[in-house]
Amino acid sequence: MDARALKIEAARAALDHVEHGMRLGIGTGSTAEEFVRLLAEKVAAGMEIVGVPTSERTASLCRELSVPLSTLEETPELDLTIDGADEIDPALSLIKGGGGALLREKIVAAASAKMIVIADATKLVDTLGRFPLPIEVNPFGLASTRIAIGAAAEKLGLSGAIVLREREGKTFVTDGGHFILDASFGRIPDPRALSDALHAIPGVVEHGLFLGLASLAVIAGSDGIRTVVPAR
Ligand SMILES: O=C(CO)[C@H](O)[C@H](O)COP(=O)(O)O
């Protein structure tokens with residue numbers, strides 16, 4: 001099965017958790033987009049849901065496919081968020097933000113009673129950190145914020161390149177008007193300590209460590225679908 005087929009299988013299995021009348025958070029990325037396509041088929045067949053998209057990109061696909069949308073202003077409490085991830089560890093701690101939507105993704109996940117992660121098996125890791133950690137920062141004071149992030153990481157025994165994200169030769173700008181620094185710290189043995197340290201830096205808007213948010217992961221591999229709950 002190719003990579004896209006695995007994403008579709010994970011998205012299809014997650015759709016079983018979506019019920020008529022639900023208020024849904026809808027993630028961002030190629031796996032979440034497969035979910036939107038399948039969700040649109042259910043909507044066309046009569047399932048009533050309302051979705052809060054986690055990015056302009058997801059909102060535009062939902063509009064194209066006639067998936068009804070709302071906002072957190074209109075619908076501040078959600079039943080379920082379904083989203084992809086860049087890395088998933090056994091505790092279902094995640095690295096997210098490869099698609100640059102981590103801030104809205106985290107706000108939407110936190111507003112949801114439940115978050116289900118959908119991914120192919122390549123996203124599973126024993127310890128987070130193979131994927132560079134996206135850190136959303138305010139453009140003001142970028143150089144100072146980058147130094148502060150490096151210093152905070154060093155105190156935790158972490159180091160590595162902290163690179164300003166670019167797309168097509170230009171600085172990448174998030175839906176919220178911020179920049180992203182991708183931090184290649186390598187293995188992150190204590191994600192909670194790094195999360196707290198990053199949150200203490202004024203220029204950091206949010207980071208891609210999602211801790212304690214996901215309650216289930218639906219993982220597609222060549223041997224089929226498996227669901228993973230957080231290890232204690
Ligand atoms: O966090 C994200 C976007 O900000 C995505 O969920 C993450 O990058 C995974 O994307 P994909 O499903 O394309 O591998």
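The values are calculated or read from the model by the stated rules, or taken from the named source; none is laboratory data. Predicted model only: the values in this text are computed from it and were never measured. As a convention, Cβ positions derive from the backbone with ideal geometry for all residues, glycine included, and neighbour counts pool all protein chains shown. Each accessible area value is taken on the protein alone, full model and side chains, heavy atoms only, with ligands, DNA and RNA left out. Shrake-Rupley method; radii C 1.70, N 1.55, O 1.52, S 1.80 Å.
Within the span defined as segment 126-147, every residue fails to be touching a residue at least 40 places away in the same chain (Cβ under 8 Å), touching a helix residue (DSSP H, G or I) at 6+ places or on another chain (Cβ under 9 Å) and of a type in the set (Lys, Arg).
Does segment 190-207 hold any residues that are open to solvent by 80 Å² or more (accessible area, probe 1.4 Å) and either under 20 Å from Asp126 (Cα atoms) or in a helix (DSSP H, G or I) (or both), and which are they? Passing the criteria: Asp190, Arg192, Asp196, His199.
Here Gly99, Gly157, Gly176, Gly150 are screened, and the one residue that is assigned to a loop (DSSP other than H, G, I, E, B) and without any contact (Cβ under 8 Å) to a residue 24 or more places away in the chain is Gly157. Kindly check whether there is at least one residue in segment 208-218 that is open to solvent by 30 Å² or more (accessible area, probe 1.4 Å), at pLDDT 95 or above and either part of a strand (DSSP E or B) or charged (D, E, K, R) (or both). Checked segment 208-218: no residue is open to solvent by 30 Å² or more (accessible area, probe 1.4 Å), at pLDDT 95 or above and either part of a strand (DSSP E or B) or charged (D, E, K, R) (or both). Say whether the condition of being within 14 Å of Val52 (Cα to Cα), of a type in the set (Val, Ile, Thr) and either within 15 Å of the ligand (Cβ to nearest atom) or open to solvent by 10 Å² or more (accessible area, probe 1.4 Å) (or both) is met by at least one residue in segment 106-114. Among the residues of segment 106-114, at least one is within 14 Å of Val52 (Cα to Cα), of a type in the set (Val, Ile, Thr) and either within 15 Å of the ligand (Cβ to nearest atom) or open to solvent by 10 Å² or more (accessible area, probe 1.4 Å) (or both), which makes the answer yes.
Among the residues of segment 14-43, the ones that are under 15 Å from Ala214 (Cβ atoms) and small (Gly, Ala, Ser) come to 5 in all.
Quick grid of which residues meet (1) farther than 30 Å from His17 by Cα; (2) open to solvent by 70 Å² or more (accessible area, probe 1.4 Å); (3) assigned to a helix (DSSP H, G or I):
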| residue | (1), (2), (3) |
| --- | --- |
| Pro134 | no, no, no |
| Arg146 | yes, yes, yes |
| Ile180 | yes, no, no |
| Ile188 | yes, no, no |
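Yes or no, residue by residue, for (1) away from the ligand (no atom under 11 Å from the Cβ); (2) within 30 Å of Arg226 (Cα to Cα); (3) open to solvent by 50 Å² or more (accessible area, probe 1.4 Å); (4) not polar (S, T, N, Q):
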site	(1), (2), (3), (4)
Gly99	no, yes, no, yes
Leu102	no, yes, no, yes
Ala121	yes, yes, no, yes
Arg130	yes, yes, yes, yes
Gly141	yes, no, no, yes
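Every residue in segment 154-178 that is surrounded by 15 or more Cβ atoms within 10 Å (Cβ to Cβ) and farther than 21 Å from Gly100 by Cα, please. If the condition is that a residue be surrounded by 15 or more Cβ atoms within 10 Å (Cβ to Cβ) and farther than 21 Å from Gly100 by Cα, then Leu156, Leu158 are the ones that fit.
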